[in-house]
Amino acid sequence: IKKDNCQITVKHATAKVISIGLEIAEDPLVPEGSYKAVMVNWEKTYSGYFKKHLLIMRFRIVDEGKWHGAVVPGYFKVLPTKNGQVKAAPKSYFFRDYQACFGKVERNDRLAMTHFKNRLLKVQVMTVSKDTDGMKLADVNHYSRVKHILGLVE
């Protein structure tokens with residue numbers, strides 16, 4: 001495209017979608033219970049609404065059946081750090097779950113997330129049916145999340 005002696009280049013990107021039969025609904029409502037899963041990814045963030053630092057981990061269910069391949073998030077309260085390390089209070093759910101997987105940890109400020117990579121985990125999935133005020137959510141607004149990482153599957 002040329003306009004007033006200026007040249008503007010417009011690039012178009014296209015993507016080909018290939019269906020391989022693994023289509024899973026976004027934010028699936030997985031029945032409560034324990035599942036075998038692998039960690040897909042993780043990130044640290046700060047929730048201004050809840051006024052707390054969070055570790056968000058996403059887990060892919062690998063059990064055979066209807067929920068195979070479903071990705072369920074887990075939200076864990078962590079402590080602030082200036083670097084990329086994960087730090088958690090010794091009595092927090094995440095710290096206790098971390099030790100359930102990898103044994104006693106002497107320092108709570110160096111929890112290596114790489115330990116979860118390529119490991120088969122047992123996770124506890126729960127259904128969120130109330131909002132932060134304790135008000136019951138309509139059934140259509142229920143969602144699943146990982147409450148606990150129960151340990152490694154050997």
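Summary table
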| item | result |
| --- | --- |
| Long-range HN-HN contacts of VAL153 with modeled amide H, under 5 Å | LEU120, LEU121, LYS122 |
| Protection-proxy order for peptides 42-55, 114-127, each taking the mean of Cβ atoms within 10 Å per residue, highest first | 114-127, 42-55 |
| Share of carbon and sulfur in the accessible heavy-atom surface of segment 60-107 [1.4 Å probe, %] | 52 percent |
| Linear extension gain, LYS122 paired with PHE102, 0.36 nm per residue minus alpha-carbon span | 5.9 nm |
| Residue list for segment 124-154, given a label point 7 angstrom along the Cα-to-Cβ vector of ASP63 and an amide N cut-off under 11 Å | 124-126 |
| Segment 105-149: radius of gyration over Cα atoms, expressed as a fraction of 2.2 N^0.38 Å | 1.68 |
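The values are calculated or read from the model by the stated rules, or taken from the named source; none is laboratory data. Everything numeric here is computed off the predicted structure, so don't read it as measured data. Positions of Cβ are generated from backbone atoms using ideal geometry, with glycine treated the same way; all protein chains shown enter the neighbour counts. Note: areas computed on protein heavy atoms with side chains; ligands, DNA, RNA excluded. Shrake-Rupley method; radii C 1.70, N 1.55, O 1.52, S 1.80 Å.
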